[in-house]
Amino acid sequence: MYTIGNRINKLRQLMQERQLPAVLIVRPQNRYYLSGFTGSNAFLVITDKSAKLITDFRYTEQAAKQCPDYQVMLYKRTDLYEIIDNILTDDEVRSLGFDKKFTTYATYLEMKEKLNAETVPFDNLVEKIRILKDPEEIELMQKAQTISETAFAEVLPMIKPGLREVDIAIELEYRIKKLGASRLAFPTIAASGQRSSLPHGRASDKVVEYGDFITFDFGSYYQGYCSDMTRTIVVGEASEKQKKIYNIVLKAQLESLEACKPGASGKYVDEVARTIIDAAGYGENFGHGLGHGVGKMVHEAPSLSTRSEDILQPGHVVTVEPGIYIPGWGGVRIEDMVLITENGYHNFNKYSKELMIID
Ligand code: GLY
Ligand code: MN
Ligand code: MN
């Protein structure tokens with residue numbers, strides 16, 4: 001696939017900059033990104049001259065189909081490092097870069113013992129490429145998001161007092177899969193009434209009551225990519241306080257979205273939302289960061305938060321998700337996922353942010 005070839009080229013450029021003549025890729029998301037391989041066990045060895053995928057008997061046929069850019073090699077457990085050594089010898093390289101965050105200490109010791117080549121740690125190599133989404137990824141993320149919204153629209157009319165949070169979550173999850181997602185991006189959050197003050201309140205046995213807020217935070221995983229969205233709705237009738245809190249969060253969400261553009265710092269975009277929530281008197285009730293990158297993982301770089309050191313660039317995908325959580329009362333979060341573009345942002349999420357009252 002053209003895209004995979006492009007990604008390998010980008011990796012080779014970065015390897016050259018960092019003086020890494022060969023790298024071993026073990027992190028599953030990086031392996032998938034660089035090869036298209038979706039199985040659970042394989043090692044990529046990439047040098048300037050070759051790209052090899054080493055896997056076990058279960059996956060050789062699958063890998064040959066999924067990874068035309070790679071020479072697929074079979075290993076039988078004990079001969080892995082011998083195979084890697086041979087690749088390095090053939091390609092005339094004497095050192096192998098390994099991912100210091102995703103290599104266990106036990107593997108490191110084994111590598112040192114069995115490899116003739118020198119081992120050199122690297123960090124943030126493939127992730128540095130992954131942070132900028134290519135057109136194929138953007139299309140898949142749009143599809144993942146559209147699946148979520150379609151499923152949500154189908155489920156909303158079913159919501160009524162008396163159902164449990166899990167009853168609603170199951171309906172949502174069924175539709176997400178029926179619409180083509182292979183799985184969820186993360187366990188569904190459906191937190192109603194007082195439970196909506198739990199930022200990550202997974203769907204429980206709690207029965208939804210008249211007047212409850214329900215915060216839904218859910219995502220689809222479609223062909224290797226995640227989506228992430230949150231909407232908070234009211235069942236029956238909204239109180240004045242519910243409307244007030246909702247509108248503060250909405251204002252913070254809309255204004256921080258407008259701050260999303262190339263050159264804006266993650267810290268600044270977070271501050272735009274935080275300032276609005278602080279000024280309304282609820283600063284203490286917004287205890288998490290404003291947003292995070294999304295891609296093959298639901299949480300990845302860059303981040304929008306008080307501690308972020310990231311500067312937004314075209315190709316970044318981030319969530320914008322302010323919230324106010326009041327223990328013993330409830331909470332509101334509104335979340336969209338956006339692509340940073342040359343001029344600002346593209347919102348993957350088209351779903352309305354008016355306070356929805358289901359009756
Ligand atoms: N669903 C987790 C999050 O919004 O970050
Ligand atoms: Mn979310
Ligand atoms: Mn999120």
Among (1) surrounded by 14 or more Cβ atoms within 10 Å (Cβ to Cβ); (2) at positive phi, the one test that PHE102 misses
(2)
Just name the residue that is nearest to the chain's Cα centre (by Cα) out of those in the stretch 296-321 that are of a type in the set (A, V, I, L, M) and more than 17 Å from GLY219 (Cβ to Cβ).
ALA301
If we scan the stretch 133-142, do we find a residue that is of a type in the set (Val, Ile, Thr), modelled with pLDDT of 95 or more and assigned to a helix (DSSP H, G or I)?
yes
Any hit, the stretch 10-24, residues being within 25 Å of the chain's Cα centre (by Cα) and part of a strand (DSSP E or B):
yes
So which of SER303, SER308 ends up being at pLDDT 95 or above, among the small types (Gly, Ala, Ser) and in a strand (DSSP E or B)?
SER303
Filtered residues of the stretch 201-228 (kept if within 15 Å of ligand 1 (Cβ to nearest atom) and either at pLDDT below 95 or touching a Gly at 6+ places or on another chain (Cβ under 6 Å) (or both))
CYS226, SER227, ASP228
Could you say whether any residue in the stretch 267-280 is in a loop (DSSP other than H, G, I, E, B) and either within 16 Å of ligand 1 (Cβ to nearest atom) or exposed (fewer than 15 other Cβ atoms within 10 Å of the Cβ) (or both)?
no
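The values are calculated or read from the model by the stated rules, or taken from the named source; none is laboratory data. All values derive from a computational prediction rather than experimental measurement. Because the Cβ atoms are built from the backbone with ideal geometry, glycine has one as well, and the counts that use them run over all protein chains shown.
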